[in-house]
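**Q** Submitted below is the structure of interest, expressed as structure tokens.
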Amino acid sequence: METVLSGIRSTGNLHLGNYFGAIRNFVKMQYEHRCYFFIADYHSLTTHPTPGDLHRNVRQVLVEYLAAGIDPEAATLYIQSDVPEVTELYLLLNMNAYMGELERCTSFKEKIRKQPDNINAGLLTYPVLMAADILIHRAHKVPVGKDQEQHLEMARTFGNRFNRLYQTDYFPEPYAYNFGAELVKIPGLDGGTKMGKSEGEGNAIFLADEPAAIRKKVMRAVTDSGPAIPGEAMSQPVENLFNLMRAISSNDTVDHFMDAYNKATIRYGDMKKQLAEDIIAFTTPLREKILEIDADNDYLSKVAKMGAEKARESASKTVNDVRRIIGFRGF
Ligand code: TRP
């Protein structure tokens with residue numbers, strides 16, 4: 001059985017893009033593989049969040065993943081900072097991560113541009129911490145987007161370098177897990193092709209959004225002004241609306257509006273009204289679940305504790321093995 005591991009950024013509420021892009025697949029995967037899902041709160045310290053924000057964000061992400069269907073009994077769902085073994089492996093891996101390769105990392109260069117007043121060593125060694133996250137469970141598959149592929153490659157480099165240095169095959173090579181055909185890309189509402197919280201206000205629909213907010217965002221979604229012109233290609237914003245509808249609404253609904261589009265009788269206002277109601281029908285049970293879990297602190301605390309225990313079992317085994325391989329041995 002393969003070990004699959006995914007690190008979840010500890011900021012931001014889940015939106016439909018996250019849901020259709022990854023989470024729905026995690027929910028399926030958790031019964032087919034040995035899955036580790038963790039909230040990367042150590043990583044978030046590179047931007048110096050306030051203690052209140054840090055805590056709130058981690059809690060929110062945990063609540064929403066549970067609400068979206070991650071089963072803490074099936075998968076190992078944990079908070080990174082509950083597993084101190086990660087930091088020990090991080091320290092050990094730092095010894096064979098070279099300055100040059102860390103400085104050349106695209107995400108580091110981007111960060112120093114974005115936060116020139118806070119170029120801390122944690123930013124530089126971010127890929128080492130991420131490698132520790134992955135290698136600590138000796139994961140084979142890591143579901144990541146394009147933006148994380150370089151980090152994953154670095155995790156392979158550090159693992160391989162360790163193996164070579166100590167003449168072992170202890171760490172397997174982790175590779176990106178591609179959902180392939182399972183991956184449904186959700187467009188943004190701003191006419192762009194990607195739903196994301198950093199793409200601007202109103203671009204993303206969050207699982208926790210109230211119906212009124214959803215209606216407002218959908219009604220304001222970019223479309224083109226005029227009716228369809230027969231023979232001309234569909235514009236990107238309109239295609240986005242149809243793609244969103246394909247993910248959310250029934251086939252009959254999609255067919256109805258497609259037909260209207262082809263006949264050039266479509267009114268985008270009507271289409272958006274329908275889309276908004278279908279999104280609300282889809283997200284309402286999720287929002288209710290979020291509220292329910294959010295109100296149940298005992299449950300959250302039980303889940304976090306169980307996750308930490310399961311993760312530490314695997315992590316401490318790795319750290320013990322690694323210590324022995326390196327030469328830290330008892331007398
Ligand atoms: N860097 C990842 C991101 O920004 C989050 C992350 C941290 C991660 N550690 C990881 C992802 C380990 C996969 C595996 O999204």
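**Q** If a residue has to be under 11 Å from the mean Cα position of the chain (by Cα), of a type outside the set (S, T, N, Q) and more than 14 Å from the ligand (Cβ to nearest atom) to count, how many in the range 1-19 make the cut?
**A** Of the residues in the range 1-19, 2 are under 11 Å from the mean Cα position of the chain (by Cα), of a type outside the set (S, T, N, Q) and more than 14 Å from the ligand (Cβ to nearest atom).
**Q** Turning to a different aspect of this structure: Kindly evaluate GLU110 against the criterion of being more than 16 Å from TYR42 (Cβ to Cβ), within 16 Å of the ligand (Cβ to nearest atom), free of Cβ contacts under 8 Å to residues at least 24 places away in the same chain and surrounded by 14 or more Cβ atoms within 10 Å (Cβ to Cβ).
**A** Taking the combined requirement at face value, the residue does not satisfy it.
**Q** Just one of the numbered conditions (1) within 28 Å of LYS217 (Cα to Cα); (2) not in a loop (DSSP other than H, G, I, E, B) is not true of ILE70; which one?
**A** With respect to (1) within 28 Å of LYS217 (Cα to Cα); (2) not in a loop (DSSP other than H, G, I, E, B), ILE70 is out only on (2).
**Q** Continuing with this model, one more query. Take GLU149 and tell me if it is in a helix (DSSP H, G or I) and either modelled with pLDDT of 90 or more or surrounded by fewer than 18 Cβ atoms within 10 Å (Cβ to Cβ) (or both).
**A** On the way: in a helix (DSSP H, G or I): yes; either modelled with pLDDT of 90 or more or surrounded by fewer than 18 Cβ atoms within 10 Å (Cβ to Cβ) (or both): yes.
Yes.
**Q** All but one of (1) in the same structural domain as LYS217 (by TED's automatic domain parsing); (2) farther than 25 Å from ASP209 by Cα hold for VAL319; state the number of the condition that does not hold.
**A** (1)
**Q** ILE23 - would you say it is within 10 Å of the ligand (Cβ to nearest atom) and hydrophobic (A, V, I, L, M, F, W, C)?
**A** Judged against the criteria, ILE23 is not a match.
**Q** Then there's this: Go through the residues of the range 65-85 one by one and say whether even a single one is more than 20 Å from ALA311 (Cα to Cα) and in contact (Cβ under 8 Å) with a residue 60 or more places away in the chain.
**A** Taking every residue of the range 65-85 in turn, at least one turns out to be more than 20 Å from ALA311 (Cα to Cα) and in contact (Cβ under 8 Å) with a residue 60 or more places away in the chain.
**Q** Can you go through ALA264, ALA276 and tell me which one is in contact with a Lys or Arg (Cβ under 8 Å, 6 or more places away or on another chain) and either assigned by TED's automatic domain parsing to the domain that holds ALA233 or outside any helix (DSSP H, G or I) (or both)?
**A** None of the other options fit; the residue is ALA276.
**Q** In the range 26-45, how many are outside any helix (DSSP H, G or I), more than 10 Å from the ligand (Cβ to nearest atom) and not hydroxyl-bearing (Ser, Thr, Tyr)? Before the answer, list the steps.
**A** Taking the range 26-45 and keeping what is outside any helix (DSSP H, G or I), we get 30-40.
Cutting the leftovers down to more than 10 Å from the ligand (Cβ to nearest atom) gives us 30-35.
Filter once more, so that each one left must be not hydroxyl-bearing (Ser, Thr, Tyr): 30, 32-35.
Number satisfying all stated conditions: 5.
The values are calculated or read from the model by the stated rules, or taken from the named source; none is laboratory data. All figures in this text were calculated on a predicted structure; none of them were measured in a lab. Glycine also receives a Cβ, built like all others from the backbone with ideal geometry; neighbour counts cover every protein chain displayed.
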